1. Give the stretch 59-100 a look and list any residue that's assigned to a loop (DSSP other than H, G, I, E, B), among the small types (G, A, S) and either closer than 18 Å to I205 by Cα or open to solvent by 60 Å² or more (accessible area, probe 1.4 Å) (or both), or say none.
2. Just to verify a result, which residue in the stretch 175-206, among those that are assigned to a helix (DSSP H, G or I) and in contact (Cβ under 8 Å) with a residue 40 or more places away in the chain, is surrounded by the fewest Cβ atoms within 10 Å (Cβ to Cβ)?
Amino acid sequence: MIRALIVDDDPDIALLHSRYVGALDGFVVAGVLDRGGPVLAFLEEGRVDLILLDVHLPDMDGLQVLEDLRGSGYNTGVIMITAASERDTVRFAVGRGVDDYLVKPFTVSDFNRRLEAFRTSRAEAAERSGPTLDQGDIDSMLRAGGPDRRREDRSTGTAERADAPLPKGFSQPTVQLVGQALREALKAGDAGDLSASEISEICGISRVSARRYLEMMTGRGMTELRAKYGAPGRPEHRYRWIGSGVRPQK
């Protein structure tokens, strides 16, 4: 069953969407929220596969909800259901990995068709998620990466281009936030490095998200990983800003 969270401040519309979802095979309503702020907390409490998200919410923009969602590492499906059809709004949502965009008003068949397409795409993705890939899947992944996408090669010391498109689930504002924290630490002197826990506190993001961003930025040559040995046990991983470009090969 696909568990859907409905986020809309109009109680009548939220009720209507709940009825639509409940009438579809393979879907169940996980919850209804009338604000964007509680979305991340709701996801932390239980599984949500799909969010039906309005743009105009009373406490925060639905696009900001989407941005926070991706910045926190959630790949939860999102279908924007909104009256907002401005070009920049749609472009922003698409750039943050929205699964579909349905403009109000719409018919029940339109609604059902979008959700059924999401269900089909998730089923196909599940079939492809085994331990091995066939040649077609590999070719698709390579094409999706684009000509500038270079993964780190540990044998040569090269790294993925720092200016390559961000992987899905990462946001540029969060990259800038983490980079700024590391640059400030560098200016402060001493070792000039920070741990994922320290980045989490400074930037106001989860420790898991901080570690993901630091690892991604290290792979792009923006930061370097340092192991700090102290108390017995595993060394502490610390990160230091080294610039925005790809490190030269050694």
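The values are calculated or read from the model by the stated rules, or taken from the named source; none is laboratory data. Computed from a prediction, not measured in an experiment: that's the story for all the values here. Because the Cβ atoms are built from the backbone with ideal geometry, glycine has one as well, and the counts that use them run over all protein chains shown. What goes into the accessible areas is simple: the full protein's heavy atoms, side chains included, and nothing from ligands, DNA or RNA. Shrake-Rupley method; radii C 1.70, N 1.55, O 1.52, S 1.80 Å.
1. Keep residues of the stretch 59-100 that are assigned to a loop (DSSP other than H, G, I, E, B), which gives 59-61, 72-76, 83-86, 96-99.
Pick out the ones that are also among the small types (G, A, S) and you get 72-73, 83-85, 97.
Of everything in the stretch 59-100, those that are assigned to a loop (DSSP other than H, G, I, E, B), among the small types (G, A, S) and either closer than 18 Å to I205 by Cα or open to solvent by 60 Å² or more (accessible area, probe 1.4 Å) (or both) turn out to be S72, G73, A83, S85.
2. First, the residues of the stretch 175-206 that are assigned to a helix (DSSP H, G or I): 175-187, 196-203.
From the residues that got through so far, the ones that are in contact (Cβ under 8 Å) with a residue 40 or more places away in the chain too are 175, 179, 182-183, 185-186, 196, 199.
Values: V175: 19, G179: 17, L182: 24, R183: 13, A185: 21, L186: 16, A196: 22, I199: 23.
Filtering first and then ranking leaves R183.
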